[in-house]
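Just below is one structure, and these are the notes that go with it.
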Amino acid sequence: MNRLAHSVLTAVFLLSSCRSSHDEYLQLKPTKRVVGHAAYNRLIFAGDVMFSRDVRKQMKAADDDAMPFRKIAPLLAASDIAFVNLESPFSDQGRYFAGGLIFHAEPSTVAGLNLAHIAVASTANNHARDCGPHGVAFTVAWLRSHGIEPVGSGNSAAETHRGVVLVRNGVRFGFLGYTFDQKNGNWKDLDDRIAIADIDALRHDVPELKKHSDVVIVSMHHGIEYNSKPSAGQIAFAHAAIDSGATLVIGHHPHVIETQESYKDGEIFYSLGNFVFDQYQRTATQHGEVVEISFMGRQILATHVMPVLITKTGPEPEESVPAGPLDVSPELVPHSGQNLFGKSIVLARPETREQR
Ligand SMILES: [Zn+2]
């Protein structure tokens, strides 16, 4: 696909996702792929993004709202879908705390997410209510008005649990998001607009979303901070997601990298660690990972992990990556080709090579 065609398609997809009426996805049908082009997609996932405290201070000092993403944006923007966990809600109201554990992202800092072409942001996490009930609604509306789909929170419980579907090269990618906690010690009640990591809800939501998507991806904010191994709760939730029909589980919250597991036909990344964060006290919190999953149709073709160093001016790849986005000819895939990290595509499961 040439660059113009790609831009046009991207624009069409962005427009369709901007419309964002969550009843609308029910009508989305897989579009027929262009003859000769495989339904090949590269999805990129990164961990915790927080625009408060020292991150905010650094942005102010540089007078650049997109500063944390400047070094990493070309890599993310070259993917078909880029995902992060947004740990700080956006709000145009309320008090800002320069320190501590109540996060507040200035609305203008959405510029970094846009620079990196983030398409999906998890908004289900323990900081989701840091800017109060207004912050929950504002974050959902603000992301959508900037072409980013929130997952794990919405304007109602029903909307949240329905998930979102993004169509890329004819393949429908469905996303759901959940968090083990939404209070962070600040609230007594539950806000049902934010999805709690409840296995019964998961068992209902995944098959429902699967009716309208080819691939279901579950975002999981869960685990124990600074632990390199997943907890029993994370494992049970992730396994239940795959057992219910999900293909991928993407975890975050522990602020350090945790293990990866191939479980049945799915892949689980228990924690991607930090991505945009200000935890400079420990070595482990200054290293995150960016995961690229290549899909052929609905099947995982390959997975690659790129380690990133978290610096005061944002994450940067720890291994060399190609200078510009790679133009991989879809005709060559899966026979040969490189991924976005410049690594050779190695078939994860040759038997799943699928022609749609
Ligand atoms: Zn968290």
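Miscellaneous remarks
- Odd one out for Asn114 among (1) out of contact with any helix residue (DSSP H, G or I) (no Cβ under 7 Å at 6 or more places or on another chain); (2) buried (at least 18 other Cβ atoms within 10 Å of the Cβ); (3) under 27 Å from Val291 (Cα atoms): (2)
- For beta carbons closer than 8 Å, sequence separation of 6+ or different chains, a first residue in region 74-96 that is in contact (Cβ under 8 Å) with a residue 12 or more places away in the chain and a second that is among the basic types (Lys, Arg) and within 16 Å of the ligand (Cβ to nearest atom), the qualifying pairs are Pro89/Arg129.
- Extreme residue, surrounded by the fewest Cβ atoms within 10 Å (Cβ to Cβ), among residues of region 250-267 that are away from the ligand (no atom under 16 Å from the Cβ) and under 29 Å from Thr313 (Cα atoms): Thr259
- Region 192-277 holds strands (runs of 3 or more DSSP E) entirely within its bounds, and those carrying 2 or more residues that are under 20 Å from Phe83 (Cβ atoms) and of a type in the set (A, V, I, L, M) map to 215-221, 248-252.
- Per-region count, region 47-90, residues assigned to a helix (DSSP H, G or I), within 16 Å of the ligand (Cβ to nearest atom) and aliphatic (A, V, I, L, M): 1
- Residues that are more than 22 Å from Asn126 (Cα to Cα), of a type in the set (Gly, Ala, Ser) and in contact with a strand residue (DSSP E or B) (Cβ under 7 Å, 6 or more places away or on another chain), drawn from region 225-262: Gly245, Ala246
- Tally, over region 231-249, of residues that are closer than 21 Å to Ala284 by Cβ and within 16 Å of the ligand (Cβ to nearest atom): 3
- Residue in region 184-224 that is farthest from Asn126 (Cα to Cα), counting only those that are surrounded by 16 or more Cβ atoms within 10 Å (Cβ to Cβ) and charged (D, E, K, R): Asp214
- Within region 109-157, being in a helix (DSSP H, G or I), within 16 Å of the ligand (Cβ to nearest atom) and of a type in the set (A, V, I, L, M, F, W, C) holds for one residue alone: Val136.
- Cβ separations smaller than 9 Å between residues 6+ apart or across chains give the following pairs from region 176-204 residues that are closer than 19 Å to Tyr270 by Cα and among the hydroxyl-bearing types (Ser, Thr, Tyr) to residues that are part of a loop (DSSP other than H, G, I, E, B) and away from the ligand (no atom under 16 Å from the Cβ): Tyr178/Asp198.
- Flag for Glu106 being of a type in the set (Asp, Glu), within 16 Å of the ligand (Cβ to nearest atom) and modelled with pLDDT of 90 or more: no
- The set of residues in region 278-320 being part of a loop (DSSP other than H, G, I, E, B), modelled with pLDDT of 90 or more and in contact with a His (Cβ under 9 Å, 6 or more places away or on another chain) consists of Gln279, Arg282.
- Residue among Thr285, Thr311 that is within 16 Å of the ligand (Cβ to nearest atom) and either out of contact with any Asp or Glu (no Cβ under 8 Å at 6 or more places or on another chain) or among the hydrophobic types (A, V, I, L, M, F, W, C) (or both): Thr285
The values are calculated or read from the model by the stated rules, or taken from the named source; none is laboratory data. No experiment lies behind these values; they were computed from the predicted model shown. Using ideal geometry, Cβ is built from the backbone for each residue, glycine included, and neighbour counts are taken over all protein chains shown.
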